[in-house]
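So the structure is just underneath, and the comments pick up after that.
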Amino acid sequence: MKVGIAGGGVVGRSIARDLAHNGHDVVIIESDPAVVAREQRQDVDPNCRWFTGDACEVDTLQDAGFGDAEVVVAATGDDEDNLVVSLLAKQEFAVPRVIARVNHPKNEWLFNETWGVDVSVSTPHLMTALVEEAVSVGSLVRLLHFSEGKAGLVEVTLADSSPAREQQIAELGMPRDASVVAVVRDRRVVVPRGDTVLLAGDEVIALVTVDSEDAVRRILVG
């Protein structure tokens, strides 16, 4: 898979190295020549190529090969730049998948299909969700949104009073557009099946849509 990344900061570099290590063809655009020169000296992975330029310019994206990318990641530290990169990637190059980093929570509402964003990743939102997931029992916590916010992953740590306790997953009556995708029990992942019995203390992770979230909350929380 060919991946184009805009932004050679800590986030962009980490993504690029992981993807390149996994065998993907990665090109990363960074505006600071000094950063590019340093990384080119240090990084010898043939799957990761560095390109100096302004990722908000169409010519730069074209020269870097973003027109052939299957996925573009807008990972700069500036939300305006990430929105521009996302829009150009989608409108100018018809990139199938555009993922954008949200730096400031107040801007999260902008990161949608209007700006060419397929998936937005907000670090503050993720950290909030992780904190809630760590301390919340008997409440539904949103972990991740995707598909333009129409679907997401939610987590519930089952309380003793949960109506799902001691029930098989097949007996829960989950909506058709929702599914239990994992159960974490005693720090081990249990692959859910229809006859899997849920216990108090289980961390139940479910894929839900906007329309099914309330029903899933009633089933798992009460």
Number of positions in region 181-198 that are surrounded by 13 or more Cβ atoms within 10 Å (Cβ to Cβ) and part of a loop (DSSP other than H, G, I, E, B)
3
Do we have Ala134 as buried (at least 16 other Cβ atoms within 10 Å of the Cβ) and modelled with pLDDT under 90 here?
no
Quick check: is even one residue across region 138-156 crowded, with 18+ Cβ neighbours inside 10 Å, assigned to a loop (DSSP other than H, G, I, E, B) and at pLDDT 80 or above?
no
Give the number of residues within region 19-42 that are part of a helix (DSSP H, G or I) and among the hydrophobic types (A, V, I, L, M, F, W, C).
6
Mind listing whichever residues of region 199-222 are in contact with a helix residue (DSSP H, G or I) (Cβ under 7 Å, 6 or more places away or on another chain) and either outside the structural domain of Leu153 (by TED's automatic domain parsing) or under 15 Å from Leu158 (Cα atoms) (or both)?
Val204, Ala206
How about region 62-84: which of its residues are small (Gly, Ala, Ser) and either surrounded by fewer than 18 Cβ atoms within 10 Å (Cβ to Cβ) or in contact with a helix residue (DSSP H, G or I) (Cβ under 7 Å, 6 or more places away or on another chain) (or both)?
Gly65, Gly67, Ala74, Ala75, Gly77
Please state which one of Asp45, Asp59 is outside the structural domain of His145 (by TED's automatic domain parsing), assigned to a helix (DSSP H, G or I) and surrounded by fewer than 19 Cβ atoms within 10 Å (Cβ to Cβ).
Asp59
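The values are calculated or read from the model by the stated rules, or taken from the named source; none is laboratory data. Quantities reported herein were computed from a predicted structural model and do not represent experimental measurements. Glycine gets a Cβ as well: all are built from the backbone with ideal geometry, and neighbour counts include every protein chain shown.
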